Amino acid sequence: MKDKQIVRFSVSLPLELLKKLDEKTLQKGYSSRSEVVRDMIRELIVEEKWEKKEEVIGVLVIMYDHHKHGLTEKMLEVEHANPSQILCTTHVHLDHETCLETIIIKGKPEEIEATSVKIGGLNGVKFAKLVKTAPI
Ligand code: NI
């Protein structure tokens with residue numbers, strides 16, 4: 001059986017759980033139950049990669065006040081000292097003082113988390129959220 005081949009299988013579920021699955025399907029705009037199940041499996045695989053400390057990808061989203069003295073320099077120092085690989089950063093000037101950045105980091109989960117905490121904790125960073133993902 002080829003890996004990319006689509007297979008069908010049956011799942012036994014309590015009716016109550018099936019209703020919840022259908023609610024999720026509708027709420028999240030999925031085209032079918034299969035698509036929800038596929039996404040849930042992918043999410044579990046990503047979670048497991050983070051738990052097993054494999055090489056993963058983190059996308060750190062931050063918002064900060066660029067008028068805050070020394071903040072961008074401190075941020076760059078953390079990024080350059082980071083043992084993981086910073087794949088790219090995107091910078092958007094949201095308004096007169098607010099900057100939005102995404103920092104895509106590849107590496108070990110603990111290194112990515114440590115870098116995110118350091119950047120997120122800098123004085124002047126108003127929002128920081130790490131999205132955990134990995135190639136599946
Ligand atoms: Ni800016």
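The values are calculated or read from the model by the stated rules, or taken from the named source; none is laboratory data. Model, not experiment: these values are computed from the prediction. Neighbour counts are summed over all protein chains in view; Cβ atoms, including those assigned to glycine, are modelled from backbone coordinates with ideal geometry.
Would you be able to say whether some residue in region 10-19 is in contact with a Ser or Thr (Cβ under 8 Å, 6 or more places away or on another chain) and modelled with pLDDT of 95 or more? Can you show your working first?
Of region 10-19, the ones in contact with a Ser or Thr (Cβ under 8 Å, 6 or more places away or on another chain) are none.
Checking region 10-19: not a single residue is in contact with a Ser or Thr (Cβ under 8 Å, 6 or more places away or on another chain) and modelled with pLDDT of 95 or more.
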Open item on the list: Being among the basic types (Lys, Arg), in contact with a Leu (Cβ under 6 Å, 6 or more places away or on another chain) and either modelled with pLDDT of 95 or more or within 16 Å of the ligand (Cβ to nearest atom) (or both) is the requirement here; does LYS68 meet it?
Closed with: no
Task: In region 85-126, residue nearest to the chain's Cα centre (by Cα) [restricted to those that are within 16 Å of THR72 (Cβ to Cβ), part of a loop (DSSP other than H, G, I, E, B) and more than 16 Å from the ligand (Cβ to nearest atom)] - done: GLY121
- [ ] Can you work out which of the residues in region 72-102 that are in contact with a helix residue (DSSP H, G or I) (Cβ under 7 Å, 6 or more places away or on another chain) and touching a residue at least 40 places away in the same chain (Cβ under 8 Å) is surrounded by the fewest Cβ atoms within 10 Å (Cβ to Cβ)?
- [x] VAL78
TODO: Kindly list, by first and then second residue, each pair from a residue in region 31-47 that is under 15 Å from PHE9 (Cα atoms) to a residue that is hydroxyl-bearing (Ser, Thr, Tyr) and assigned to a helix (DSSP H, G or I), limited to pairs with Cβ atoms under 8 Å and residues at least 6 apart or on different chains.
DONE: SER32/THR25; ARG33/THR25; GLU35/THR25; VAL36/THR25
